[in-house]
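To start, the structure itself, in C-alpha cells.
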Amino acid sequence: MKQGIASIMRAAKAADKKTFENGWNKSKKFLLGRQGNDGIVFKLVVYALLISIGFVYLYPIFYMISQSLKSLQDLLDPTVLWLPKSLHLDNYIRAWHVLDFPRAFGASLLNSVLPAIAQTVSCALVGYGFARFRFPGKNVMLALILLTFIIPVQVVMIPLFLLFQQYGLLGSPLPFIVPALFAGGIKSALFILIYLQFFKTVPKALEESAQIDGAGAFKTFFRIILPISVPAIVVVFLFSLVWHWNETYTTSLYLGESMRTLPLKLQSFDLAYSQTYSSSNVGMDAVNINESIKLAGTMLIILPLLTLYLFAQRWFVEVIDKTGITGE
C-alpha cells in the first residue's frame, strides 16, 4: 500500500515537473525565440534601439521644419512648441530670394554633380585594377593612396591653389573636375577602397567566361563588371556629391566671387538678407531676420540631399552590407 502511494506521488511529481518544463520552454521560446534572437524580448530591444537612434537623427530635421513654418508671433510665443498656429510659408519665399536659389542651385549642381560623375568612373577603374591585377609596388601604391585620406586638406591647400592659379583654372569648377577625372579630389581614397572591397565580392568566373569569349580587360569591365556594380556606383556617387555639395572652404578659395554655391550663400545669409530687405518698402518684421527665416534657408539647402538619400537608400544599405564600410 505504501509503495503504491509512493509511486503515485513520484508519478505526480514527474508530471508536475514535466508540466513546469513545458511551460518554461514555451515561455522561453516566446520571450527569447528558438535561437535566442527572434523572441519578443530581442525584438523589443531592437525596436527600442532603432527608435532611439532614429529619433536622434530625425529630431533636428523635424525641429527645423517646425521652426521654419512659424511666424514671428509663434516664434516668440512660449506656448507654441511644435505645431505653429498657421503655416507661415513667407519664410521660405524670403529665403528663396535671399539665396538667389535658382542661380546658386545651378552653381551647386555644376560644382558637385560633374566632379561626382568623374570621380565615380575614375575611382571604379582604379579600384578594379587593385582588386583584379597584380603589378609591382601594388601594396605600396595602395598604402600611399590611403595615406591621402589621412592628410588634412589644409596641408595641400596652398600648393593646389598655386597650381590651379598657374594653369588658369580658378573661378570655375575645373579645380574639382580635373582631379576627379584622375581618381583624385575629395575623399577619393575612400571611394577606391569601397570599389576595391566590392569588386572582391564579384566571382572571378564571370571575368574568366568573358575572357574565353574573347573580351579584353576594358570590355569585361564595362560590359560585365559595371552593370552588376550599381549599388557601389550609387553609393560612391552619393558620397561624392554630398561632400562636394557641402564643401565651402576650398570652394570659396577656388571660385572666389565668380560663382556662389548654396552653402556659401548660407554663410553670408544674414548680411544678404539685410541688404535685400533694408532697401525695400516693407515693415520692420520683414527687415529684421529671425530664426524661422534662417531655418527656412537651411531647409532649402538640405532638401535636395534629403531627396537624393530617399531614392538611393536601398543601394546604400546593400553596398554597406557587402563591403563593411561605413561613411562619415
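Annotations
- Residue check, A215 buried (at least 17 other Cβ atoms within 10 Å of the Cβ), farther than 30 Å from F311 by Cβ and of a type outside the set (F, W, Y): no
- Of the criteria (1) within 26 Å of L300 (Cα to Cα); (2) part of a helix (DSSP H, G or I); (3) small (G, A, S), which one G129 fails: (1)
- If you go through segment 173-230 and pick out every residue that is more than 12 Å from Y128 (Cβ to Cβ) and either in a loop (DSSP other than H, G, I, E, B) or of a type in the set (K, R) (or both), you end up with 15.
- Residue satisfying all of: in segment 126-166; of a type outside the set (A, V, I, L, M, F, W, C) and touching a residue at least 60 places away in the same chain (Cβ under 8 Å); nearest to Y254 (Cα to Cα) among these: G127
For every residue, the table says whether it meets (1) among the small types (G, A, S); (2) farther than 30 Å from V126 by Cβ; (3) modelled with pLDDT of 85 or more; (4) buried (at least 20 other Cβ atoms within 10 Å of the Cβ).
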{"position": "V230", "(1), (2), (3), (4)": "no, no, no, no"}
{"position": "E257", "(1), (2), (3), (4)": "no, yes, no, no"}
{"position": "R260", "(1), (2), (3), (4)": "no, yes, yes, yes"}
{"position": "F269", "(1), (2), (3), (4)": "no, yes, yes, no"}
{"position": "A286", "(1), (2), (3), (4)": "yes, yes, no, no"}
{"position": "N290", "(1), (2), (3), (4)": "no, yes, no, no"}
{"position": "T298", "(1), (2), (3), (4)": "no, yes, yes, no"}
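- Residue within segment 101-111 that is assigned to a helix (DSSP H, G or I), basic (K, R) and either surrounded by fewer than 11 Cβ atoms within 10 Å (Cβ to Cβ) or at pLDDT below 80 (or both) present: no
- Sole exception among (1) surrounded by 12 or more Cβ atoms within 10 Å (Cβ to Cβ); (2) closer than 27 Å to A232 by Cβ; (3) of a type in the set (F, W, Y) for Y57, by number: (1)
- Conditions (1) buried (at least 16 other Cβ atoms within 10 Å of the Cβ); (2) without any contact (Cβ under 8 Å) to a residue 60 or more places away in the chain; (3) on the phi > 0 side of the Ramachandran plot: number failed by A183: (2)
Residues checked against (1) modelled with pLDDT under 85; (2) under 29 Å from I301 (Cα atoms); (3) surrounded by 11 or more Cβ atoms within 10 Å (Cβ to Cβ); (4) polar (S, T, N, Q):
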residue: K18; (1), (2), (3), (4): yes, no, no, no
residue: N25; (1), (2), (3), (4): yes, no, no, yes
residue: R34; (1), (2), (3), (4): yes, no, no, no
residue: L44; (1), (2), (3), (4): yes, no, yes, no
residue: L50; (1), (2), (3), (4): no, yes, no, no
residue: M64; (1), (2), (3), (4): no, yes, yes, no
residue: N91; (1), (2), (3), (4): no, yes, yes, yes
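- Among (1) closer than 26 Å to F101 by Cα; (2) assigned to a helix (DSSP H, G or I); (3) not acidic (D, E) - the single one M259 does not satisfy: (2)
- For F161, the conditions (1) within 31 Å of the chain's Cα centre (by Cα); (2) closer than 16 Å to A124 by Cβ are fulfilled apart from (2).
The values are calculated or read from the model by the stated rules, or taken from the named source; none is laboratory data. Small disclaimer: the values here were computed from a predicted structure and weren't measured. Using ideal geometry, Cβ is built from the backbone for each residue, glycine included, and neighbour counts are taken over all protein chains shown.
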